[in-house]
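Laboratory data are not the source of any read-out in this text; all were calculated from the coordinates shown. Because the structure is predicted, anything quoted here is derived from the model rather than measured. Neighbour counts are summed over all protein chains in view; Cβ atoms, including those assigned to glycine, are modelled from backbone coordinates with ideal geometry.
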Amino acid sequence: MPKPGLNTVGLLAASAVVSAGATVGAATTGVAGPDPAEGKPAGTVYVAASAGPETLVRRLALSGSRAAIRAAAVREALALVLVMVREET
């Protein structure tokens, strides 16, 4: 059965490509904290990068302050973008 967070972030990344006319798009979603949300603990984060027909999606369990979780989510999303760019070249 598909996982809602994984599907959502993948669609967001793919939509970023289409709406911006870009080669690669990235997206993040999740719970940065400090409190749980919708039954998910703080640090539950989904990141994705999309290029052409391919979309890479990851579910992360991060820890730390809200700022640290947000920064880690951005780093992970950018790492996926780098993977996509390397595959494109």
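Below, the figures for the structure above:
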read-out: Cα-based helix-to-principal-axis angle, 4-20 vs the chain, degrees rounded to 10; value: 40 degrees
read-out: Pair-distance profile P(r), taking every C-alpha pair of the chain, with 5 angstrom steps and integer %; value: 3, 17, 24, 23, 17, 10, 5, 1, 0
read-out: Alpha carbon centroid spacing (whole Å) that separates region 1-67 from region 71-85; value: 11 Å
read-out: Degrees between helix 66-88 axis and first principal axis of the chain (Cα, 0 to 90, nearest 10); value: 20 degrees
read-out: Assigned charges on the beta-carbon of Lys, Arg, Asp, Glu; region 4-88 dipole about Cα centre (debye); value: 220 debye
read-out: Förster radius 25 Å - calculated FRET efficiency between Ser63 and Ala22, Cβ distance, rounded to 0.05; value: 0.20
read-out: Most positive-pole-ward Cα, Thr55, Gly33, Ala20, against dipole of the chain from beta carbon charges; value: Gly33
